[in-house]
Amino acid sequence: MRVEFSEGTDRLTRAFPKLSRQLKKCAAHILEHPSEVATFSMRELARRVGVPPSTMNRLAKALGFSNYEEFRALYRDSINDQSAGYSFEQGQVQVVARESEFDHALNTFQQVALNNINTLFDHIDRAALERAVQALAEARTVLVVGMLASELSANYLHHVAAMGLRNWHPLARDSADLSRQLEGLGPEDAVVCIAVEPCAADSIRVARRAREAGARVVGITDRLTSPLAACSDDILLISVHSPSFFESQVGVTALIELLVGMVTVRSGRSATENVEKIRRLHRDMGKYWTE
């Protein structure tokens, strides 16, 4: 199913960090269940959220609309339910070996992994993906950011991208180098930031600093209520649902391969030639096992 992010969803995402607690409650419900705005009355939606109907009007006005009906009209015209697959609670499904048959556990992991991949391809914001690919292909420099649970994904993103795209760089570890990286960012640059809830604080700080500098921020995250979503120019959602205690990396890995593959094609022949040069150099230097 193709997803189109309405103006209402975009405004909610940007405004979310600054809303009051009660308005955040309404906004989070709408971001996770956008189709309900179009299909339910204001009173029914308020009942489902657990707030007075007047709160819905307050939310609409906080977003710059005259009233709730004006806000709702945007969803009636353009919304597709993009949140299916993103509202799982961590640990909602637990597989414990001593309580389950081996085959049952294996099937559960298989189904969840497939669901995370299907969620990515069925619900991705295609317009945001296309904008991101174009921006990354044209950027002077691309900075890759990811910390804590997202550090391995960021390392993989940089590894596969940098083989063909020599202007992609990981976030510096040294504070002096980091300062130089951030100071040098401008409108000709882009940042790809990966952060899932609970988001690493430094990742959000870097993303905000990059956007303030005019660089384009491509945010890869698991919720529209994520602080990364609010400071991203292009938001690419993934599902991290897992049968275990740890977030799944299947969805983000598939997105990384999709994103880098598309950027490489868009960047032209030189990118694929760079990959071949690297592999040839590795062979010449004996880095590959040959026996």
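The values are calculated or read from the model by the stated rules, or taken from the named source; none is laboratory data. This is a predicted model, so every value here is computed, not measured. Ideal geometry is used to build each Cβ from the backbone, glycine not excepted, and the neighbour counts take in all protein chains shown.
Data for the structure
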{"item": "Unique match (being assigned to a helix (DSSP H, G or I) and farther than 17 Å from Ala127 by Cα) among Ala229, Ala207", "result": "Ala207"}
{"item": "Residue within the stretch 47-60 that is at pLDDT below 80 and either touching a Ser or Thr at 6+ places or on another chain (Cβ under 9 Å) or polar (S, T, N, Q) (or both) present", "result": "no"}
{"item": "Filter pass, Thr13 being closer than 30 Å to Leu120 by Cβ and surrounded by fewer than 15 Cβ atoms within 10 Å (Cβ to Cβ)", "result": "no"}
{"item": "Flag for Glu188 being of a type outside the set (Val, Ile, Thr), surrounded by fewer than 21 Cβ atoms within 10 Å (Cβ to Cβ) and either at pLDDT below 95 or closer than 27 Å to Ile30 by Cβ (or both)", "result": "no"}
{"item": "Qualifying position, being of a type outside the set (D, E, K, R) and without any contact (Cβ under 8 Å) to a residue 12 or more places away in the chain, among Ala172, Ala154", "result": "Ala172"}
{"item": "Test: residue in the stretch 280-291 that is of a type outside the set (Phe, Trp, Tyr), surrounded by 13 or more Cβ atoms within 10 Å (Cβ to Cβ) and not in a loop (DSSP other than H, G, I, E, B)", "result": "no"}
{"item": "Restricting the stretch 262-291 to residues that are within 24 Å of Ala210 (Cα to Cα) and not polar (S, T, N, Q), the residue that is farthest from the chain's Cα centre (by Cα)", "result": "Arg266"}
{"item": "Conditions (1) more than 30 Å from Asn107 (Cα to Cα); (2) buried (at least 22 other Cβ atoms within 10 Å of the Cβ); number of the one not met by Thr221", "result": "(1)"}
{"item": "Test: residue in the stretch 160-169 that is part of a helix (DSSP H, G or I) and within 28 Å of Ser244 (Cβ to Cβ)", "result": "yes"}
{"item": "Qualifying positions in the stretch 145-186 - aliphatic (A, V, I, L, M) and within 14 Å of Asn274 (Cβ to Cβ)", "result": "Val160, Ala161, Ala162, Met163, Leu165"}
